[in-house]
Amino acid sequence: MLSCKTLLSRRTKIIRKNKKKKSKNNKRSNSFSTKQNPISEIYQQEEDIEEEEEEDGDDVEEGFNLKASAPSQSHGVQPLGNLYLSPGSVNSRNTGLGNLQTLTDELVLEVLGFLGGAHLGFLASVSKSFYVFANHEPLWRNLVLDNLKGRLLYNGSWRSTYIAVHYPSFDASNICVSGLRVRDFYSDYLFQSWLCANLEMKPEWLQRDNIIRRRGISVEEFISDFEEPNKPVLLEGCMDNWVALENWDRDYLVQVCGDVQFSVGPVEMKLGEYFRYADQAREERPLYLFDPKFGEKVAILGSEYEVPVYFREDLFGVLGSERPDYRWIIIGPAGSGSSFHIDPNSTSAWNAVIKGSKKWVLFPPDVVPPGVHPSPDGAEVACPVSIIEWFMNFYGATKTWKRKPIECICKAGEVIFVPQGWWHLVINLEESVAITQNYVSRRNLLNVMDFLKRPNASTLVSGTRDRVNLYDKFKSAIEASFPGTIDHLTQKAEEKKAQQKKPSFWDSVTDSKAGAFKFSF
């Protein structure tokens, strides 16, 4: 979550800078309204400060910028740091909660999460504070998604959507989306949800581009330079002949998909309905269309792209219809994406952008990203709620790391190779359409076999109904289709491991404890 310390330091900088340019502001004060939104005023002041810093040539980190389409905070919630710099103010959050004011905002919302829509509506009328909490959009989002029966037609906000679904006779268009504004309500937790939903990606978050790029390399070069050493690479020009690259715009996809339902988080939606949601939604974690059965649902989609030549060996294919999910169509608006994770079943993957662009941040298997906390068995991963929140609070720490993450912006027509075991985060910089596939080659087969036979494999394996027996089925199918392959790869791996442990000639001749000679000068 955006820390109070960060907001307080930024607000202090605003006051300090404003004192320096007080005379300048007094000259033009008459041209500004005295009834500005206090939050909007803060950001206007920050923009003025940034302009002054550029003029003065100060080496100061740039502030955050809101999206041009960003609405003001629905209920006037301000970051807690503003309270400490507003003498005489009382946090109406506390007065309106009564004895519950000792609970954290997270805990208050956790409790309200047990209530239904009608009870949240009643609670909103108790006090201004409860009004703000009871209208927190994620509460209504959960109510809609957890209890949805039938189609999901997003109606501008999750609260309006809930009312339209459960009370269809009620004219939801009369609902005021912005809601009442509450004075002197301070909460970092509630404010950050709005802030993360409306922040632009800072330029410095997009500058680093240190991935290796290749065009026109051979399969042998790809294997020796990237797949065997388990290194990411961005490949150019290997999807130039895809029909999808030319055809897959909104109109075409809606036309060919018709009434087909696609997986969008926990619900199913028609593509036209999803685009309607994407156009209206302004939230911290936009729903992401991520469907593993698109090729079966709409056959023409599966025929308008082909697997790049580098990834055509996919040994999971020996399982036929019993193979785990392996390919997905991915569609999402700007700000949507995937927080840090490792791809399932120890597979490698490739991701091809057809429309739009994506920011990638990758860490090698032995480097856990800052702010990410995997469980000891790897079954669960705790990380910041939203991708933007990770960039705000943790990205800067990687600047000082010796082993910096691999980063890039993958644009339409480009393919990124994600080796097995690598942590990666992806955020769409604009509305994007992509295809991704996970695969198993001979270079990765032993890793996958080891993963599938772990004691807790039943909790780790994903994308298949039979998690318990997948290892035995896969091993049997490989031995039947490619006799001796597992034994051959195992022998090669043992030889390589022994070679790595064996000291070099120079190590042996300079080791006095080994009893051999050593050079001296």
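The values are calculated or read from the model by the stated rules, or taken from the named source; none is laboratory data. The structure displayed is predicted, hence computed values, not measured ones. With ideal geometry, Cβ positions are generated from the backbone for all residues, glycine too; neighbour counts draw on all protein chains shown. Surface accessibility is based on the protein's heavy atoms, side chains included, excluding ligands, DNA and RNA. Shrake-Rupley method; radii C 1.70, N 1.55, O 1.52, S 1.80 Å.
Observations
- Val126 vs. criteria open to solvent by less than 20 Å² (accessible area, probe 1.4 Å), β-branched (Val, Ile, Thr) and at pLDDT 90 or above: no
- Every residue from segment 261-273 that is outside any helix (DSSP H, G or I), open to solvent by less than 40 Å² (accessible area, probe 1.4 Å) and under 15 Å from Ile329 (Cβ atoms): Phe262, Ser263, Val264, Met269
- Just one of (1) crowded, with 17+ Cβ neighbours inside 10 Å; (2) within 28 Å of Tyr274 (Cα to Cα); (3) touching a strand residue (DSSP E or B) at 6+ places or on another chain (Cβ under 8 Å) fails for Glu389. It is (3).
- Subset of segment 462-493 that is part of a loop (DSSP other than H, G, I, E, B), open to solvent by less than 90 Å² (accessible area, probe 1.4 Å) and without any contact (Cβ under 8 Å) to a residue 40 or more places away in the chain - its residue that is nearest to Arg323 (Cα to Cα): Asn469
- Residues of segment 272-306 satisfying the condition of being touching a residue at least 24 places away in the same chain (Cβ under 8 Å) and among the aliphatic types (A, V, I, L, M): Ala278, Ala281, Leu287, Leu289, Val298, Ile300, Leu301
- All told, Ile416 falls short of being of a type outside the set (S, T, N, Q), modelled with pLDDT of 95 or more and assigned to a helix (DSSP H, G or I).
- Filter result (open to solvent by less than 40 Å² (accessible area, probe 1.4 Å) and assigned to a loop (DSSP other than H, G, I, E, B)) within segment 247-259: Trp248, Gly258
- Within segment 89-99, considering residues that are open to solvent by 80 Å² or more (accessible area, probe 1.4 Å) and in a helix (DSSP H, G or I), the one nearest to Lys128 (Cα to Cα): Thr95
- Highlighted here are the helices (runs of 4 or more DSSP H) found entirely within segment 147-246 that include at least 1 residues which are surrounded by 20 or more Cβ atoms within 10 Å (Cβ to Cβ): 158-166, 188-198, 219-222.
- Residues in segment 157-171 that are closer than 19 Å to Pro266 by Cα and of a type outside the set (S, T, N, Q): Trp158, Arg159, Tyr162, Val165, His166.
- Selection of segment 396-413 for residues being touching a Gly at 6+ places or on another chain (Cβ under 9 Å) and open to solvent by less than 30 Å² (accessible area, probe 1.4 Å) yields only Gly413.
- Filter pass, Phe114 being assigned to a loop (DSSP other than H, G, I, E, B), within 24 Å of Glu284 (Cα to Cα), without any contact (Cβ under 8 Å) to a residue 40 or more places away in the chain and open to solvent by 80 Å² or more (accessible area, probe 1.4 Å): yes
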